[in-house]
Amino acid sequence: MSSAVTSPSEQPPAGRLQRSHGSALVAFRRAGAGTRLADLRQASPCRALFPRPADPAVPEAVFLNTAGGVAAGDSLHYGIEVGEGATAQVTAQAAEKVYRSTGETARLHTAVTVGDGGSLEWLPQETILFDGSRLERGLDVSVAGEGRALLFDSLVFGRTHSGESLTHGLLVDRWRVRRDGRLLWTDCLRLDGDIAGLQQRPALLGGARATGTLLYLSPPDGDLLERAREALAGCALRCGATLLRPGLLLCRFLAGDGAALRAGVVRFLSAFRPALPGLAPGLPRLWSC
């Protein structure tokens, strides 16, 4: 057992709680017939782990928040860079928990860059919003040339297995996607105040307590939408797919809880991924834990 002693200057001012401001960046580059880690930067409580991948040519990175969750006023930043012709798969070790706020807003941001001919899968586990939490998060994606990116993220409203509902709080969830510097798509979900009431609106969540968004960027592919809808056939979730523009596929998922959402998304990805070039052989092993 170890302990740390801090000087008075390191203590937070009276009446203020200590906050976490962490970051982690992983960068991959093409190396021969495979891909290697080219850069790693991390600041507590954010960390990156590198389990042995199923395919040595496709490295896997796992982000970890050693604080065990996100509290009011915390800010965490994750960065993923995949160079020209490189391939990588990135996930998170566990669901991110956003705790009840004492008044301040927590902030999470992820920046993704994929070079020409590169391929990335960003498949974090779900973010669980506790009742009374306040969260602003953003995902900024920049793809160059013939780069590809498969991105999925999900939200669970309340600790459903503990019988908790998300009745009030704040959620701002922004996505911005660019190719060669040009903005292709932007999306923002904002729920503020009476989240339980907003959740019931048909135009928002229609009573769902878990939601997922999947985006796939690729060079133009005439069969992309048809393959996605075939993979969604028989899915027990409320879901749908649309082609926003050639090579930009959007899928939405709604479920009664996080477990049902994950099961439906895993089924979809297991059917959809094999037809996509340049990906790892399967989903991250942590997704089956």
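Some notes on this structure:
- The Cα center of region 95-170 and the Cα center of region 221-281 differ in position by 18 Å.
- Rg and Dmax of region 75-152, both derived from C-alpha coordinates alone, stand at 14.7, 46 Å.
- Computed over Cα pairs, the Kirkwood radius of the chain leads via Stokes-Einstein (1.002 mPa s, 20 °C) to a diffusion coefficient of 108 µm² per second.
- Since only GLN89, THR127, ALA54 are under comparison, the one whose Cα sits farthest along the positive direction of the charge dipole of region 30-128, derived from C-beta charges on Lys, Arg, Asp and Glu, is THR127.
- Net charge of neighbours whose Cβ lies under 10 Å from the Cβ of VAL98, counting Lys and Arg as +1 and Asp and Glu as -1: +2
- Counting DSSP beta bridges with both ends in region 71-193, the antiparallel % (nearest 5): 20 percent
- Protein accessible area in region 164-289, 1.4 Å probe - carbon and sulfur %: 52 percent
- Long-range Cα-Cα pairs in region 186-233 (distance over 16 Å), rounded percent: 58 percent
- Cα-Cα pairs of region 20-156 separated by more than 24 Å (percent): 29 percent
- With every protein chain in place, region 37-97: carbon and sulfur % of accessible area (1.4 Å): 50 percent
- Per residue, the average separation of C-alpha pairs within less than 8 Å and at least 6 apart gives region 78-198 a relative contact order of 24 percent.
- Sequence-separation-based contact order of region 90-154, relative, with Cα cut under 8 Å and 6+ spacing, percent: 46 percent
- Alpha-carbon Debye profile of region 20-76, log10 I(q)/I(0) at 0.16, 0.19 Å⁻¹: -0.56, -0.70
- Annotation note: trypsin sites (Lys or Arg not before Pro) in region 102-170 located in DSSP loop regions with a Cβ neighbour count of at most 15 within 10 Å are absent.
- Per residue, in Å², the accessible surface of the chain once ligands and nucleic acids are set aside, probe 1.4 Å: 46 Å²
The values are calculated or read from the model by the stated rules, or taken from the named source; none is laboratory data. Note that this is a predicted model, so its numbers are computed, not measured. Backbone-built Cβ (ideal geometry, glycine too); neighbour counts: all protein chains shown. Just so you know, the surface numbers come from the protein's heavy atoms only, side chains and all, with ligands and any DNA or RNA stripped out. Shrake-Rupley method; radii C 1.70, N 1.55, O 1.52, S 1.80 Å.
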